[in-house]
1. Any chance the stretch 4-19 includes a residue that's within 21 Å of Ala193 (Cβ to Cβ), crowded, with 19+ Cβ neighbours inside 10 Å, in contact with a Leu (Cβ under 9 Å, 6 or more places away or on another chain) and at pLDDT 95 or above?
2. Among the residues of the stretch 207-217, is there at least one that is open to solvent by 30 Å² or more (accessible area, probe 1.4 Å), at pLDDT 95 or above, more than 23 Å from the chain's Cα centre (by Cα) and over 30 Å from His98 (Cα atoms)?
3. Which count do you get for residues in the stretch 105-127 that are open to solvent by less than 50 Å² (accessible area, probe 1.4 Å) and either under 13 Å from Arg37 (Cα atoms) or of a type outside the set (A, V, I, L, M) (or both)?
4. Which one is farthest from Ala193 (Cα to Cα) among residues in the stretch 223-245 that are open to solvent by 10 Å² or more (accessible area, probe 1.4 Å), touching a Ser or Thr at 6+ places or on another chain (Cβ under 8 Å) and not in a helix (DSSP H, G or I)?
5. So which residues in the stretch 246-265 are open to solvent by 30 Å² or more (accessible area, probe 1.4 Å), touching a residue at least 60 places away in the same chain (Cβ under 8 Å) and either over 13 Å from Gly149 (Cβ atoms) or more than 16 Å from the chain's Cα centre (by Cα) (or both)?
6. With Val418, Val423 as the choices, which residue is out of contact with any helix residue (DSSP H, G or I) (no Cβ under 7 Å at 6 or more places or on another chain), aliphatic (A, V, I, L, M) and either assigned to a loop (DSSP other than H, G, I, E, B) or without any contact (Cβ under 8 Å) to a residue 24 or more places away in the chain (or both)?
7. Could you check, for the stretch 170-186, whether at least one of its residues is out of contact with any Ser or Thr (no Cβ under 8 Å at 6 or more places or on another chain), free of Cβ contacts under 8 Å to residues at least 60 places away in the same chain and more than 20 Å from Pro79 (Cβ to Cβ)?
Amino acid sequence: MSAPSADTGAESPAGGPGDPGHVATAGLSLFPFRGLRYVPDRVGTLAAVTSPPYDVVDPNRRLDLETADPHNIVRLILPRPEPEDNGDRPDRDTRYRHAARLLADWQREGVLAPDREPALYVYEQRTSPGSPGGELLQRGLIGALAVSGREAGVVLPHEDVMPRPVADRVGLMRTTKANLEPLLLTYRGHGGAAAVIEQAVQGEPLLTTTTSDGTHHRLWAITDPADLAEVTRDLATCRALIADGHHRWEMYLRLQREHRHLPRSPWDRGLVLLVDTARYPLRVRAIHRVLYRLPVEAALAALGDHWRVKEVPGPLEPALQALAEAKRHGGNAFLLTGGDGHYHLVSEPEEALLAATVPTGKPEEWRRLDATVLHATLLDHTWSIPDGPDDIGYLHTAVSAEREAARTGGTAVLLNPVKESVVRRLAEQGVTMPRKSTSFGPKPATGLVLRNLKLG
């Protein structure tokens with residue numbers, strides 16, 4: 001770990017214009033920054049202080065992470081209020097202030113320390129053939145990306161966001177003045193940045209660790225001006241798709257607007273991991289729904305004669321194969337279960353029903369998406385379920401959705417994944433999908449490198 005440096009000024013984009021306040025709009029502009037990283041000999045292990053992204057940490061996993069190490073990053077990204085501060089009302093502001101105090105304490109105590117010079121970081125994730133998801137190698141660049149709205153056409157969102165989680169992330173970042181975890185963005189480069197990445201991984205990494213899921217993580221710093229310039233040239237004509245982190249990107253935009261009166265503002269940039277999917281294709285998985293207040297019997301009864309409903313044999317894996325097979329035949333298909341070992345394939349909706357319930361004025365490809373039909377036809381029209389946290393849960397694995405349905409007496413609605421090409425094609429047309437339509441991965445581990453805005 002490099003020792004702290006006295007230079008706390010803002011950095012120029014990689015090889016870009018000398019004005020530190022310069023924000024490119026023609027293409028992606030990725031800034032080096034002084035990464036804030038855990039000091040290995042001040043924590044148990046690096047793996048013990050990392051976490052998945054905040055929005056995929058369930059309550060049980062959160063407790064496991066908190067007890068793994070007193071300095072686990074989950075204490076910052078999902079902070080709890082200190083007992084003496086919260087009284088009888090543990091409000092958000094108290095939690096944010098607690099996270100800010102922890103972050104300051106850990107830096108003062110030397111648990112976290114900034115690197116000496118600004119860098120872009122090459123980040124590698126690798127899994128073995130025996131891992132649950134199979135063998136995988138992914139490499140990308142972590143940096144501070146110039147923030148721009150949808151009208152600029154540089155960073156393309158593909159999902160809608162909801163105000164509540166955006167407000168939560170805004171409050172946390174505003175109070176901590178730090179980017180605590182990188183967003184996952186994809187782009188298609190022209191080879192320059194990829195060459196710099198492949199050269200960097202031949203050297204000694206800054207850190208190496210293996211997390212509990214068996215994923216091996218390595219990090220390198222790129223500081224050579226020629227390498228940074230090559231990355232800038234490659235990215236200058238590229239656009240990025242937000243793969244994971246729509247609410248946090250909206251957070252960046254809001255905080256940028258709040259601080260637009262500041263010259264050369266560090267709020268004009270946000271921490272991201274950029275992955276060139278021409279070289280390292282991401283995996284796209286579905287995000288499943290659990291309808292807490294709707295038992296599966298009532299859900300099936302409400303379908304009437306407008307859908308084809310067929311019970312398929314379990315357990316879960318062959319039932320999911322039946323769902324995938326239904327998708328290969330075209331049309332919309334969903335798998336419903338109450339977590340009791342029974343599975344119902346719901347497919348082939350009536351065309352008249354879709355015509356009457358799915359909004360018009362958008363591309364036909366969007367109108368036929370499973371997520372579109374699920375929200376417009378089933379949730380809104382057939383089941384009349386409001387899209388709020390008391391009524392709908394969003395689960396990233398079919399196993400967890402099935403368990404949650406069993407626990408709550410509700411209905412798990414399992415979906416097929418969407419192809420990345422479809423996601424990108426709609427995003428390039430300015431069309432967003434219903435929120436939580438996709439789960440891109442692998443997601444970057446949180447805690448390997450942070451960005452303190454006071455350092456630029």
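The values are calculated or read from the model by the stated rules, or taken from the named source; none is laboratory data. Only a predicted model underlies this, so the values are computations on that prediction, with no experimental measurement involved. Using ideal geometry, Cβ is built from the backbone for each residue, glycine included, and neighbour counts are taken over all protein chains shown. For accessibility, only protein heavy atoms count, side chains too; no ligands or nucleic acids. Shrake-Rupley method; radii C 1.70, N 1.55, O 1.52, S 1.80 Å.
1. no
2. Looking for residues that are open to solvent by 30 Å² or more (accessible area, probe 1.4 Å), at pLDDT 95 or above, more than 23 Å from the chain's Cα centre (by Cα) and over 30 Å from His98 (Cα atoms), one finds none in the stretch 207-217, hence no.
3. The total comes to 15.
4. Asp244
5. Arg254, Gln256, Glu258, Pro263, Arg264
6. The unique qualifying residue is Val418.
7. No, that holds for no residue.
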